[in-house]
1. Listed highest first by mean packing, meaning other Cβ atoms within 10 Å per residue, what order do 104-113, 164-173, 140-149 come in?
2. Where a ≥ b ≥ c are the square roots of the eigenvalues of the C-alpha gyration tensor, would you call segment 43-140 rounded, which needs a/c under 1.5, or, failing that, prolate if a/b is larger than b/c, or oblate?
3. Among rounded, prolate and oblate, which fits segment 12-204 when a ≥ b ≥ c are the square roots of the eigenvalues of its C-alpha gyration tensor, a/c under 1.5 means rounded, and a/b larger than b/c means prolate?
4. Express the relative contact order of segment 12-204 as a whole percentage, based on alpha carbon pairs under 8 Å and six or more residues apart in sequence.
5. Please work out how much length the chain gains when fully extended from residue 175 to residue 27, using 0.36 nm per residue of separation minus the C-alpha to C-alpha distance, in nm with one decimal.
6. Using alpha-carbon pairs under 8 Å, 6+ residues apart, how would you state the relative contact order of segment 57-118 in percent?
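Here, each number is a calculation from the coordinates, and none is a lab measurement. The structure displayed is predicted, hence computed values, not measured ones. Virtual Cβ from ideal backbone geometry, glycine too; neighbours counted across all protein chains shown.
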């Protein structure tokens, strides 16, 4: 008896098309599936995020909101650079908007990362710096180095520097966290901006 094998994807475009057509979590998504991510094999910086918000779901452009403005300020770059997919890849833990809860958006759908994340990360062979935003992305990317919470992960940022940096979410909901942790702006952001420029300069000088 012949066992049927799943089809082998012939190219990167096949995989990206399959991801964009994914309906794995459709029954749980209040606005339906719309995977939002940006991938290019030349990218040097990876932003490992949480999940799209409702505005991003509507526009299809990741970090197309106030949190994106703050993240770009943290990195010291403009929108043109941020959205240059040959320089910066953006891959959330959940590719689709998960809906809202009482205190903000729901967590990324748990089905998404096991299905797609390793396959998509394999398309990024040139990443030199990974920015890991929020608890769900940190649990995945920090593995054994993951602490008991986002604050502890960010406080231990030197442990994985300069190739990986855990960050709090740049959402306005974290304004209180930023006020309580002034060391983040004073100690973490200057080397982050410097490293971003170094990595992007290596692309320009290639």
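1. On the way: 104-113: 17.3, 164-173: 20.3, 140-149: 13.2.
The packing order, highest mean first, is 164-173, 104-113, 140-149.
2. Working: a/c = 1.77, a/b = 1.15, b/c = 1.54.
Oblate is the answer for segment 43-140, as a/c is 1.5 or above yet b/c matches or exceeds a/b.
3. On the way: a/c = 1.56, a/b = 1.20, b/c = 1.29.
In terms of gyration-tensor shape, oblate.
4. On the way: 290 pairs, mean separation 50.2, N = 193.
Averaging sequence separation for qualifying contacts and normalising by length gives 26 percent for segment 12-204.
5. On the way: separation 148, 0.36 × 148 = 53.28 nm, distance 3.34 nm.
Full extension from residue 175 to residue 27 adds 49.9 nm.
6. Working: 32 pairs, mean separation 13.7, N = 62.
Here the relative contact order equals 22 percent.
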